[in-house]
Amino acid sequence: MFQAFVKCVGIYPVGSLVRLESGLLAVVIDNQGEALLTPTVKAFYCTRRRERIVPRVFDLARLAGRDKIRNWESPSNWPFRDLDELWSGQPTRH
């Protein structure tokens, strides 16, 4: 039952805030079946430069390990009030 739940929801559910190994913060916008650790994310903030960037969509499964999720981030630790809007829009894919 647990495995079925994880396959439906994913390790990182849609709307989750995550930090990538590249230092970007991103919102999970889609999960693809078997690739539970490599969802599609929308990056919008650079933690190294401490500034917002133009939102970009990355399919982590297609990046073949060039970037991956380092950890989940609590939205309450960040001053972003537009996370719901970020995961619903569709900018250019990378």
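The values are calculated or read from the model by the stated rules, or taken from the named source; none is laboratory data. Everything numeric here is computed off the predicted structure, so don't read it as measured data. Quick reminder, even Gly has a Cβ in these numbers, built from the backbone with ideal geometry, and neighbours come from all protein chains shown.
Name the residue, out of ARG62, ARG70, ARG81, that is modelled with pLDDT under 90, within 14 Å of THR38 (Cβ to Cβ) and either outside any strand (DSSP E or B) or among the basic types (Lys, Arg) (or both).
The unique qualifying residue is ARG62.
Among the numbered conditions (1) modelled with pLDDT under 90; (2) over 12 Å from the mean Cα position of the chain (by Cα); (3) not aromatic (Phe, Trp, Tyr), tell me where CYS46 comes up short.
Every condition holds for CYS46 apart from (1).
When you scan the range 23-34, do you find a residue that is modelled with pLDDT of 95 or more and not in a strand (DSSP E or B), even just one?
Within the range 23-34 (the criterion being modelled with pLDDT of 95 or more and not in a strand (DSSP E or B)), the answer is yes, since at least one residue qualifies.
On the given criteria, is SER88 surrounded by 12 or more Cβ atoms within 10 Å (Cβ to Cβ), modelled with pLDDT under 90, of a type in the set (Gly, Ala, Ser) and within 13 Å of the chain's Cα centre (by Cα)?
The answer is yes for SER88.
Checking GLU51 against (1) modelled with pLDDT of 90 or more; (2) loosely packed, with under 15 Cβ neighbours inside 10 Å; (3) touching a strand residue (DSSP E or B) at 6+ places or on another chain (Cβ under 6 Å), only one condition comes out false. Which one?
Answer for GLU51: the failing condition is (3).
Return yes or no: is GLY10 modelled with pLDDT under 90 and crowded, with 17+ Cβ neighbours inside 10 Å?
So GLY10 passes the test.
Could you list, in sequence order, the residues of the range 64-80 that are among the aliphatic types (A, V, I, L, M) and surrounded by 14 or more Cβ atoms within 10 Å (Cβ to Cβ)?
ILE69 - this is the single residue of the range 64-80 that is among the aliphatic types (A, V, I, L, M) and surrounded by 14 or more Cβ atoms within 10 Å (Cβ to Cβ).
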